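The values are calculated or read from the model by the stated rules, or taken from the named source; none is laboratory data. None of the values given here were measured: they were computed from a predicted structure. Cβ placement follows ideal geometry from the backbone for every residue including glycine, while neighbour counts extend to all protein chains displayed. Please note that ligands, DNA and RNA were not included when accessible areas were found on the heavy atoms of the full protein model with its side chains. Shrake-Rupley method; radii C 1.70, N 1.55, O 1.52, S 1.80 Å.
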Amino acid sequence: MDINAQNTSSDFIRDAVADDLRSGRFNYIRTRLPPEPNGYLHIGHVKAFLIDYFIAAENNGDLILRFDDTNPAKEEVEFVDAIQQDAKWLGINWLKITYASDYFGLLYEWAIKLVKMGKAYVDDQTPEEVSKNRGTLTEPGINSPYRERSVEENLDLLARMKSGEFPDGTRILRAKIDMSDPNMVMRDPAMYRIIHEPAHHRTGREWCIYPMYDWSHGQNDSMEGITHSLCSMEYEIHRPLYEWFLDQLGEFKPRQIEFSRLNLSYAMMSKRKLRKLVESNLVDGWDDPRLTTLRAMRRRGYTAEAIVDFIKKIGVAKNTSWIDYALLESCVRDDLNKRSLRRMAIIEPLKMIIDNYPDDLVEELAAINNPEDPDAGTRTVNFSKVIYIEQDDFRETPPPKYYRLFPGNEVRLRYAYFVRCESVVKDADGNIVEIHCTYDPTTKGGDSADGRKVKSTIHWVSAAHSLPAEVREYERLFTIENPDDNEELSSIINPTSLVVKPSSRVEASLGNTTPGDKFQFERIGYFCTDLTSTKEKLVFNRTVTLKDSWAKIEKKQG
RNA sequence: UGGGGCGUGGUGCAAUGGCAGCACAUCAGCCUUUGGAGCUGAGUAUCUAGGUUCGAAUCCUGGCGCCCCAGCCA
């Protein structure tokens, strides 16, 4: 796919980048995607990824995918692979893949340089002491008793930290800046900490010290010649430190620009909570279609194009903002409307017998595959005496403004005939078992010879020619708009977030579908073939419903 | 109560001293062999108080509100 469309409007980042090119601050553009391989990509990452990708692409620059693997305690190769897959699926291309760990050696040399300059020191305080002496938001911190160690001693200690001589937590290397800086980030931030276990997924046991984000990220950006290091607002207060390190070292200094992260209503973005959801089996794995991880959305039937369109539409700014989930759904509908084949499927079947239709006749009727796309052509569907319609398309006593089928009313069976409901058959408990209709043979194809109109067209499948299927109806996973704020996960799960319809019937053409295929089930919504679907057992996921104005009317009626 | 950031319809984003606009959502209508899609229209906004200016969402000053920061996480 091509997601390089140039019609993206301007914003403060694009303006800044353009200024930098114009002023000569940089004469090329290079950005980076800096995921930490400790989880699957979700919709929140996509915004950041796409901004980086577009800024590079729009300026004929390039993009480096750099895994931020500075903490072996949290990171796994599994995610390194998954992140690449997901990013590729989105349509993102990169110049190369690198790892923060590729630069451990050079970064260590830079640290030694700082130590020699008297700008960094080894601190023997316990983590508790470090924390206590950092001060508070309103009170300055106090200097570590180890702050004025000699360069020689610092060099010696740092080398021994690196070689694994000291246990975890006993010492750190800190930048020597200012313990009274009103910005807490600048109060002698940690650069290296000691971590012996587990082995790093790439460097094994070569290192016993690992760089902190602040010490690694900006230096890596510099080493890779990144021009613009785009990140979320919470890093704004880290920018002075980002620049301090590079100024001290006299190295190439990229420009860090911050923007606000994506907040999406009803979506869980916190990696920790996402993990908790999965591990407590509240959802069915990382690709449960109710999740907003990329693999889940893909399984649900969301297209990369729709997701990219969504990100373009939300814009880029510095405000804390909440995006309505309805916007995402609108983008999904918009894309799927243009591309998906129409099919007829009955989620909750109600048997209809057409009394005056010949018992053994089967007619082949032409049905349009996609009214939005004439090239998609037509298919044939079989029509016969016994068919299924949607239970919801029949009411024994119709509410106001209901103009589907009810006793005495005439409707059109899509692509087939006008039918009129004559009678209702119920079981001993009063449940409707089947309905009987008569059809008008002169309305074949759906148009009446006498010009009479029907108010409604409903879909159907032939009982004998349709296939059984399971349909999974998904709704939002949570009952509250901001699930990230709530710790009691089980209490905020929407009980109807997944409703399985085991007895659905779909038209015969759906018999040879394969996982990932996308369809519009006419009048219902967009569906895709689930990855567990087989010829023997068809399974469809509801991606999103069609806009349903009757549902609105009905809801208003109470 | 230190520092940093941000305040434009319900939501998000524009307008860079000159008619406050776009999208989603909402409501109404048209059209329709999907109560889909499409089309038309409507309502609702510049946090606040001053100031500068012919003219302020935009510049200045004060207030108010919201977000971020006290990991050896990123």
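Annotations for the structure displayed:
- Filtering segment A:112-147 to residues that are free of Cβ contacts under 8 Å to residues at least 24 places away in the same chain and open to solvent by 30 Å² or more (accessible area, probe 1.4 Å) leaves A:128, A:129, A:131, A:132, A:136, A:138, A:139, A:145.
- In segment A:37-86, the residues that are within 22 Å of residue A:21 (Cα to Cα), open to solvent by less than 10 Å² (accessible area, probe 1.4 Å) and charged (D, E, K, R): A:52
- So residue A:553, is it farther than 22 Å from residue A:367 by Cα and not assigned by TED's automatic domain parsing to the domain that holds residue A:408: yes
- Some residue of segment A:388-401 being in contact with a Cys (Cβ under 8 Å, 6 or more places away or on another chain), surrounded by fewer than 17 Cβ atoms within 10 Å (Cβ to Cβ) and touching a residue at least 40 places away in the same chain (Cβ under 8 Å): no
- The set of residues in segment A:250-287 being under 30 Å from residue A:227 (Cβ atoms) and outside any loop (DSSP other than H, G, I, E, B) consists of A:255, A:256, A:257, A:258, A:259, A:264, A:271.
- Set A:405, A:467, A:477, A:413: member being among the hydrophobic types (A, V, I, L, M, F, W, C) and in contact with a Cys (Cβ under 8 Å, 6 or more places away or on another chain): A:405
- When A:466, A:490 are checked against the criterion of being over 30 Å from residue A:356 (Cβ atoms), of a type outside the set (Asp, Glu) and away from RNA strand B (no atom under 12 Å from the Cβ), a single residue qualifies: A:490.
- Of everything listed in (1) touching a strand residue (DSSP E or B) at 6+ places or on another chain (Cβ under 7 Å); (2) more than 16 Å from RNA strand B (Cβ to nearest atom); (3) open to solvent by less than 40 Å² (accessible area, probe 1.4 Å), the single unmet condition for residue A:532 is (3).
- Only one entry in A:483, A:502, A:515 is loosely packed, with under 12 Cβ neighbours inside 10 Å, under 42 Å from the mean Cα position of the chain (by Cα) and within 28 Å of residue A:547 (Cβ to Cβ), namely A:502.
- Single unsatisfied condition, residue A:193 versus (1) near RNA strand B (Cβ under 8 Å from one of its atoms); (2) among the charged types (D, E, K, R); (3) more than 21 Å from residue A:74 (Cβ to Cβ): (3)
- Where helices (runs of 4 or more DSSP H) fall wholly inside segment A:288-385, the ranges with 1 or more residues that are near RNA strand B (Cβ under 8 Å from one of its atoms) and either more than 30 Å from residue A:39 (Cα to Cα) or open to solvent by 10 Å² or more (accessible area, probe 1.4 Å) (or both) are A:304-314, A:325-339.
- The residues of segment A:487-499 that are open to solvent by 40 Å² or more (accessible area, probe 1.4 Å) and either over 25 Å from residue A:304 (Cα atoms) or over 23 Å from the mean Cα position of the chain (by Cα) (or both), listed by number, are A:487, A:488, A:490, A:491, A:495, A:496, A:499.
- For residue A:278, the requirement of being over 11 Å from the mean Cα position of the chain (by Cα) and open to solvent by 10 Å² or more (accessible area, probe 1.4 Å) is met.
- The residues of segment A:439-450 that are more than 11 Å from RNA strand B (Cβ to nearest atom) and farther than 19 Å from residue A:404 by Cβ, listed by number, are A:441, A:442, A:449, A:450.
- A count restricted to segment A:108-135 and to residues that are more than 14 Å from RNA strand B (Cβ to nearest atom) and on the phi > 0 side of the Ramachandran plot stands at 1.
- When each of A:442, A:496, A:479 is tested for being over 27 Å from residue A:542 (Cβ atoms) and polar (S, T, N, Q), the lone residue that passes is A:442.
- The sole residue among A:79, A:67 that is within 12 Å of RNA strand B (Cβ to nearest atom) and within 30 Å of residue A:196 (Cα to Cα) is A:67.
- Number of positions in segment A:415-444 that are buried (at least 16 other Cβ atoms within 10 Å of the Cβ), hydrophobic (A, V, I, L, M, F, W, C) and not in a strand (DSSP E or B): 1
- The residues of segment A:220-266 that are over 26 Å from residue A:10 (Cα atoms), in contact with a strand residue (DSSP E or B) (Cβ under 6 Å, 6 or more places away or on another chain) and either near RNA strand B (Cβ under 9 Å from one of its atoms) or not assigned by TED's automatic domain parsing to the domain that holds residue A:29 (or both) amount to a single one, A:266.
- Residues satisfying the stated conditions in segment A:457-477, i.e. within 28 Å of residue A:326 (Cα to Cα), open to solvent by less than 10 Å² (accessible area, probe 1.4 Å) and part of a loop (DSSP other than H, G, I, E, B): A:459, A:477
- Given (1) within 13 Å of RNA strand B (Cβ to nearest atom); (2) surrounded by 13 or more Cβ atoms within 10 Å (Cβ to Cβ); (3) acidic (Asp, Glu), index of the condition residue A:165 fails: (1)
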